[in-house]
Structure formats: C-alpha cells, structure tokens
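Heads up, the thing below is written out as structure tokens.
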Amino acid sequence: MPDSMSVFRLMGLPDFQQGDDLAQKIIDTLTTQNQALMAGDILVIAQKVVSKSEGAFAYLDDITPSEEAIELAKTVNKDPRKVEVILSQSTRIVRAMKRPDQEEGVLIAEHKNGYICANAAVDESNADHPSQLILLPEDPDKSARLLCHKLEAYFGCDLGVVISDTFGRPWRLGQTNVAIGLANVPGVVHMLGELDAFGRPLSVTAPAFADEVAAASGLLMEKRAKSPVIIFRGLSWSKTDSSSRDLIRAHNEDLFR
C-alpha cells in the first residue's frame, strides 16, 4: 500500500440539467484549469449529478397515490404522492416508523437495485423545482462505466469511477457515502490467505474498498459546496470487472432479514 495519497475536489463544475454530458463537463472543467487525470486516479461522483444528467426524476404533480401509499403515508406523515414514488422504486418496505419527536418519519426500503436505504433513496435536496423528486440512476453501474470509458478515451489512461450516495447505517447514527455504481474499481478486496503484520494468515478479512473510497469522499463532498466530483490519486488498486452488487450481501447470508 502507498504511504500517502491525495484527494481533491474538482471545483468549477456547472449546475447539471437533464441531457448534460457529465463526462464532457468534467473534461472541460479539468482542461480549462490545465489539469489532467492520471493513470490510477479514481473519481467519486455524487449520484445527484448523475441522476440530474440522466433525467431520473419524478414530479409530485404527476403522481396519483395508491391505497397502499395513502395508508403508509399516515404512518410516517409523508405526502402520499412521495410514498407512491418510494414504492415504485422499491421491491419491499423493510420498516416504516416515525418517532414522536419527528415531523416526518422514514420508510426503510429495499431499492429495486438491491440497496437497503431510507425512502428508496428518493430525495428532494438540491432539486431544481419544489415538486421534483430525484431518483437513483436506472443502472448506476452502467452510468459509471459510460463515464469511465469516455474519460479514459480522452486522457489515455486507466481510471476508476465510483458513483456514491449517502446512506444511514444500522446501529450507528449519522450518514456516510457508499458506492452505488462502479467502473473498474473493486467493490470488495478479498484477503483470504494473506498474512497480517505478525505473519498470521487472514481468514475473513475483506475490506469494502469502494465503500471506503466513497466514505472518504464525503469529507470534501458537501451538499452546499457544489463539489460533486472528488478525485483520489495515489491509491494502490487493481482494475477489475466490478459491480456495486458485489457489495450487497446475499439474501441467504442476511442474518437480520
């Protein structure tokens, strides 16, 4: 492993709209600043700008809630139309709850892409219109691959892309960035059979490399700072045919389902 790495924001990116070429905007911003990507760089890109570029939206004014949505909305004091959108993005609702001190509760859902997260990642923050809801990209891994291919072609080197979103965690307070889309970057690094610092063989160690990188990006990726692209340089990693699903525990191994 390297002794050091550098992490920096790509500043100067515009606000993104549906139809924007995100990769080209990154290229243009880098070249305007006389910067270039280097072999082994990993770009962590906020889900929100990917979703905006791809038009992954729903609009409350267009939604008619179902009876299921109306009943769930009563439990968590949410707009039934928003609940209907959450249901449309989910394979199941894991838990619906509202604490007495909360104005609005939460729906813990299994997103159709397999992630367990609050409200199926349906979000209103940084939306462009009051009735707009921002959804996850339809296929975040595909989005990451397309971005990575275009950036690699322009800069002529091997790169990695992680699309990140902010999730809460069971049994711990607060949120952290996690990887929901991968291109080239390993999701999990399996170290079975390698030796620890004292020469003992490792039996279960498997760092969630992509999640570690995504989480570190959150230190610079503030919602109010308009810094949706974070670049990591100097990390040691091997290019692989990866998917964000590599980080999702199989149903038969889920001890809490």
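The values are calculated or read from the model by the stated rules, or taken from the named source; none is laboratory data. Worth saying up front: this structure is predicted, and the values here are computed from it rather than measured. Note that each Cβ is placed from the backbone with ideal geometry, even for glycine, and that neighbours are counted across all protein chains shown. Accessible surface is based on the protein model in full, side chains and every heavy atom, while ligands, DNA and RNA are left aside. Shrake-Rupley method; radii C 1.70, N 1.55, O 1.52, S 1.80 Å.
For this structure, a couple of remarks:
- Two-site FRET efficiency, HIS149 against ALA250, from Cβ-Cβ distance with R₀ of 45 Å, rounded to 0.05: 0.95
- When the P(r) is computed for segment 78-187, the part past 21 Å accounts for 46% of the Cα-Cα pairs.
- Inter-site label distance for SER131 and ALA39 at 7 Å from Cα along Cβ, in nm: 5.3 nm
- Crossing angle, helix 67-76 versus the chain [Cα axis fit, 0-90 degrees, rounded to tens]: 80 degrees
- Largest GNM mean-square fluctuation among GLN18, GLN89, GLN47, using the chain with Cα springs under 10 Å: GLN18.
- Extension gain, PHE8 back to LEU173 (0.36 nm per residue minus Cα-Cα distance, nm): 56.7 nm
- Cα-based shape type of segment 104-147, given that a ≥ b ≥ c are square roots of the gyration tensor eigenvalues and the cut on a/c is 1.5: oblate
- Alpha carbon convex hull of segment 1-130, volume per residue in cubic angstrom: 174 Å³
- Label point at THR240 placed 7 Å out along Cα→Cβ; residues across segment 27-49 whose backbone nitrogen lies under 19 Å: 40-44
- Here the gap between GLU138 and LYS74, fully extended at 0.36 nm per residue and compared with their Cα-Cα distance, gives a gain of 20.2 nm.
- Of the solvent-accessible surface of the chain, computed with a 1.4 Å probe over protein heavy atoms with every protein chain present, carbon and sulfur atoms account for 51 percent.
- Computed over protein heavy atoms with a 1.4 Å probe, the accessible surface of the chain works out to 54 Å² per residue.
- Positive contributions from Lys and Arg (+1) and negative ones from Asp and Glu (-1), summed over other residues with Cβ under 10 Å from the Cβ of THR91, come out at +1.
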